[in-house]
Amino acid sequence: MNETVKRIVDLLFANTVDNEETRALHEEIMNNCQEHYADLVSRGLSEDDAVHEVVLSLKGMEDVI
């Protein structure tokens, strides 16, 4: 698990209500972001570039949450 991606997703949920729905959404987004990151790195992106791409993929997610 990439710790930078974990911190980014955790920050995304920092001001949300802690309930079953938000925990499930947090887990789903965390898994998707970690898988996306791993896929990008396996395709040759640097770790920094992969994190940047994950951040870009989360644009607008605050509105969904």
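Accessible area of VAL5, 1.4 Å probe, to the nearest 10 Å²?
For VAL5, solvent-accessible area is about 0 Å².
Which of these values of semi-axes √(5λ) of the Cα gyration tensor in Å was calculated from the structure shown: [x] 21, 13, 10; [y] 19, 16, 10; [z] 22, 11, 9?
Checking each listed value against the structure points to [z].
Rounded to the nearest 500, what is the chain's calculated 222 nm mean residue ellipticity when only DSSP H runs of at least 4 contribute -39500 (n - 2.57) each, over all residues? Walk me through the numbers before you get to the answer.
On the way: 4 runs with 48 residues, N = 65.
The helix-only estimate for the chain comes to -23000 deg cm²/dmol at 222 nm.
Rounded to the nearest 10 degrees, what's the angle between the helix 3-12 long axis and the longest principal axis of the chain, both from Cα atoms, 0 to 90?
Roughly 30 degrees, rounded to the nearest 10.
Note the angle between two axes, namely the Cα long axis of helix 47-57 and the longest principal axis of the Cα atoms of the chain, as a number of degrees from 0 to 90, rounded to the nearest 10.
40
Under a point-charge model restricted to the Cβ atoms of Lys and Arg (+1) and Asp and Glu (-1), what is the dipole moment magnitude of the chain relative to its Cα centre, in debye to the nearest 20? Write down the numbers at each step before the final one.
On the way: 5 positive and 15 negative charges, 23 e Å.
It comes to approximately 120 debye.
Let me check something: with ligands and nucleic acids excluded, how do LEU11, LEU25, LEU40, LEU56 order by accessible area (1.4 Å probe), largest to smallest?
Details: LEU11 130, LEU25 50, LEU40 10, LEU56 90 Å².
Order by accessible area, largest first: LEU11, LEU56, LEU25, LEU40.
Please list, by residue number, every one of the GluC sites (Glu not before Pro) in segment 3-65 that is coil in DSSP and has at most 12 other beta-carbon atoms within 10 Å. Don't skip to the end; give the middle numbers.
On the way: sites: GLU3, GLU20, GLU21, GLU27, GLU28, GLU35, GLU47, GLU53, GLU62; in loops: none.
Passing sites in segment 3-65 do not exist.
Which of the listed residues, GLN34, VAL17, LEU45, is farthest toward the dipole's positive end in the chain, when Lys, Arg count +1 and Asp, Glu count -1 at the beta-carbon?
Value: LEU45.
The values are calculated or read from the model by the stated rules, or taken from the named source; none is laboratory data. Source: prediction; values computed, not measured. For neighbour counting, all protein chains shown are included, and Cβ atoms are generated from backbone atoms with ideal geometry for every residue, glycine included. For the accessible areas, the whole protein counts, side chains as well, though only heavy atoms, and no ligand, DNA or RNA atoms are used. Shrake-Rupley method; radii C 1.70, N 1.55, O 1.52, S 1.80 Å.
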